[in-house]
Amino acid sequence: MPRNVPLRRLFLALLLSCAVLAGTTACGGDDSGGASSSSASPTGTSSAEAQKFAKTRFVANAGLAAGATYQWVVKPYRAGKFKKGTDGRTFALVKAGLAGGFAYNRLKAATENAKGDPLLSKAVAPLTAGIASLKGLATKLRNGEAGAGDIGAFESVISSVKDAGKSAGAEVKDKVPSTSQLGG
């Protein structure tokens, strides 16, 4: 029996190390183009193109947030994976914590993208407080302290963002990110 506990800890340490490693390798290639692109001025982009790209980026970021929330937070919670004593609880909580942080990050990016389109920015502006309220939820999920109200808050914010996008002509569909995207 004492052998199972160190094996679990070893597995958890290995899992977290892989998540950190995947996160650092996914972010490593940004330095090469930074100096040349900062000195160049933007040219040839009309406001119509900028608005189109703003909607596209908004839909992509909000879709990833919605997919991550449903796949790794809502679905496991409804299946009872977060209850004490459940097999795979620790792994489900770690994934939910990563997904919560990822979803928060993508929702913040989506609100920034929405600023490029006047109609979309008006629709998303009232949701910034709801998105900001999700900031500490990833930690609660990771620690196993999230309850039905917290999961409901995630679902509510995601559905509000989807509705805002739809009203502005940018329909958001769930897109489940890969597990490597969650870590980086």
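With a cap of 12 neighbouring Cβ atoms within 10 Å, and only residues DSSP puts in a loop, list the chymotrypsin sites (Phe, Trp or Tyr not before Pro) found in region 73-121.
Loop-located and lightly packed - none at all.
Above 12 angstrom, tally the Cα pairs of region 53-92 and express them as a % of all pairs, no decimals.
62 percent
Given 122/166; 95/173; 75/175, which pairs have Cα atoms separated by over 18 Å?
Going by Cα-Cα distance, 95/173 fall outside the 18 Å limit.
Among the aspartates and glutamates, which fall within straight-line cross-link reach of residue 55, defined as a Cα-Cα distance under 20 Å, with same-chain neighbours fewer than 8 residues apart omitted?
Those aspartates and glutamates meeting the cut-off are 112, 117, 163, 171, 174.
Values quoted throughout were computed directly from the atomic coordinates according to the rules given, and no laboratory measurement underlies them. This is a predicted model, so every value here is computed, not measured. Reconstructed Cβ throughout: ideal geometry from the backbone, glycine too, with neighbour counts over all protein chains shown.
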